[in-house]
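Asker: Provided herewith is a single structure, encoded as structure tokens, for subsequent inquiry.
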Amino acid sequence: MAFDPSALVLSAVAEIRSLVGGERIISAVSGGVDSATATAIAWRAVGNSLHAVFLDTGFMREGEPEEVVSEFRKIGINVEIVRVSDRFYRSLSGISDPEEKRKVFRREFYSVLSSLARERGCKFLLQGTIAPDWIETKGGIKTQHNVLEQIGIDPEREFGFRVLEPLKDLYKDQVRVVAHYLGLDYFARRQPFPGPGLLVRVPGALDLDRLRVLRRATSLVERYLQAYSTQCLASVFSGIKGSAKTPIGDGQILSEGATGVMGDSRAFGAVISLPLEAYRRETVQELSPFMADNGITRVLVKLIEKGEGYAVVIRAVLTEDFMTADVPMIERDVLMDLANKIAEIDGVGSVHYDITPKPPATIEFE
Ligand code: XMP
């Protein structure tokens, strides 16, 4: 039977009303379609008893908090921006393991929400958790920041609120259908952005200067490559740490590693950049035995090398379900125009394009 958004909204509204009674709900919106849809449903259910907040964790894109709040205002929902970047930066300082970074992010996220809920008198937390979030977290594939009960955490005991997850059995395409049904076109159109935001695009230990470069590079990538991809992003590595011979020519190894997928689990490996001649659809396939033997999860091609400095990686993917993804073979001229703009950012030493599909790479870098 075809998915019916009106039935889902009706039953979710009824369920929220019966669960919360007259209590207040806090909702953390991210600007993504999942939390926006959950929030719009809860708004229908309880109106002003819903208190929406946007946590500015310090890992948002340029102008993002203000833009998201203004889009919510257009649909009649007020959102409070809560600036908490300092405490996120402090807690994450010196942590380089990708899963550990995600776990620290999650801990800070909920501890901020727990204090806010208490201060604002909210007994419930509304989340936009969808099926892949808890499936991947439970399966040990990657820790999503918004999963609690499904991994045995009792939110009431730990944080003082009960959790409402009206979308927890849905997949992304179904959420988009519900979003359009509710008139949330701006949110349904936005490309996915991970909960921990730009944190997972600064590989290794957090570095605020790399984060500054990343914010600028992300804006440029989105401006240039949105039309060519389902999702496009940037990542900023400290630089290049060495060279390596491969069966199809010499490459450079980036200073940090990045995640990939092996079978059903997440793997962590090295990132290699090849000369631009390797920019062909077949390259990764040809290199795959070498990658497996040498623990390499990503293959890039180098667009520009200025000298010492950060290595910025551009990533664009085409995907239906985000479980697998292809890399679009974007014309070189477009990539070079974008790379030249990125190279103007202070501190950038080289710019690369990631040509690895998922698998063997993941979409994000951590
Ligand atoms: P990966 O990197 O696993 O990404 O290939 C698949 C899709 O999921 C998004 N993503 C996340 N979304 N919280 C989210 O809400 C997260 O922690 C998270 N990590 C990855 C990613 O942007 C891509 O669309």
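The values are calculated or read from the model by the stated rules, or taken from the named source; none is laboratory data. For clarity, every value in this text was computed on a predicted model and none was experimentally measured. Note that each Cβ is placed from the backbone with ideal geometry, even for glycine, and that neighbours are counted across all protein chains shown. Side chains included, ligands, DNA and RNA excluded: accessible areas come from the protein's heavy atoms. Shrake-Rupley method; radii C 1.70, N 1.55, O 1.52, S 1.80 Å.
Asker: Would you work out which of F290, L274, M262 lies farthest towards the positive end of the dipole of the stretch 202-354? Charges go on Cβ: Lys and Arg +1, Asp and Glu -1.
Answerer: L274
Asker: Of all accessible surface on the stretch 152-271 at a 1.4 Å probe, what whole percent is carbon and sulfur?
Answerer: Whole-percent figure for carbon plus sulfur exposure: 49.
Asker: Give the residues of the stretch 243-262 whose amide nitrogen is closer than 15 Å to a point set 7 Å from the Cα of A292 in the direction of its Cβ.
Answerer: What the label zone holds, given the 15 Å backbone N cut-off, is 261-262.
Asker: About its Cα centre, what dipole magnitude does the stretch 276-366 give when the only charges are +1 on Lys and Arg Cβ and -1 on Asp and Glu Cβ, stated in debye to the nearest 20?
Answerer: 100 debye
Asker: Let me ask something else. Find the percent of Cα-Cα distances in the stretch 271-355 that exceed 14 Å, and round it to a whole number.
Answerer: Value for the stretch 271-355: 65 percent of Cα pairs lie more than 14 Å apart.
Asker: Could you give the Stokes-Einstein D for the stretch 202-354 in µm² per second, using the C-alpha Kirkwood radius, 4 °C, 1.567 mPa s?
Answerer: Translational D for this selection: 83 µm²/s.
Asker: Taking only Cα atoms, what is the 0 to 90° angle, nearest 10, from helix 33-46's long axis to the longest principal axis of the chain?
Answerer: Compared with the principal axis, the helix lies near 10 degrees.
Asker: Please get the size of the charge dipole for the stretch 5-189, origin at its Cα centre, with Cβ charges of +1 on Lys and Arg and -1 on Asp and Glu, quoted in debye to the nearest 20.
Answerer: Around 240 debye, computed over the stretch 5-189.
Asker: What is the local net charge at G21, summed over the other residues whose Cβ is closer than 12 Å to its Cβ (Lys, Arg +1; Asp, Glu -1)?
Answerer: Net charge around G21: +3.
Asker: Further question: Taking a 1.4 Å probe, which of K306, K168 shows the most accessible area, and what order do the others take after it?
Answerer: Sorted descending by solvent-accessible area, the residues read K306, K168.
Asker: Taking the Cα centroid of the stretch 209-243 and of the stretch 295-366, what is the distance between the two, rounded to the nearest whole Å?
Answerer: 7 Å
Asker: Largest first and to the nearest Å, give the Cα extent of the stretch 5-189 along each principal axis.
Answerer: The principal-axis extents, from largest down, are 46, 34, 33 Å.
Asker: Could you report the chain's accessible area per residue, 1.4 Å probe, as an integer in Å²?
Answerer: That works out to 42 Å² for each residue.
Asker: Enter the per residue convex hull volume of the chain, computed from alpha-carbon coordinates, in Å³ rounded to the nearest integer.
Answerer: It is 135 Å³ per residue.
Asker: Follow-up. Tell me which of A361, V104, T218 sits at the most positive position along the dipole axis of the chain, charges placed on C-beta atoms (Lys, Arg +1; Asp, Glu -1).
Answerer: Towards the positive end, the residue furthest out is V104.
Asker: Dipole of the chain, Cα-centred, from +1 at each Lys and Arg C-beta and -1 at each Asp and Glu C-beta, to the nearest 20 debye?
Answerer: 660 debye
Asker: Which angle from 0 to 90°, rounded to the nearest 10, does the C-alpha axis of helix 64-74 make with the longest principal axis of the chain?
Answerer: So the inclination is approximately 40 degrees.
Asker: Okay, moving on. Nearest 10 degrees is fine. How inclined is helix 283-294 to the longest principal axis of the chain, computing both from alpha carbons?
Answerer: 90 degrees
Asker: Here's a follow-up. Once the whole set of protein chains is in place, how much accessible area is left on H145, using a 1.4 Å probe, in Å² to the nearest 10?
Answerer: Roughly 30 Å² of H145 is accessible to a 1.4 Å probe.
Asker: Could you order the peptides 349-357, 114-122 from most to least packed, using the average number of other C-beta atoms within 10 Å per residue?
Answerer: 349-357, 114-122
Asker: Ignoring ligands, DNA and RNA, what percent of the 1.4 Å accessible area of the stretch 1-123 is carbon and sulfur?
Answerer: 49 percent
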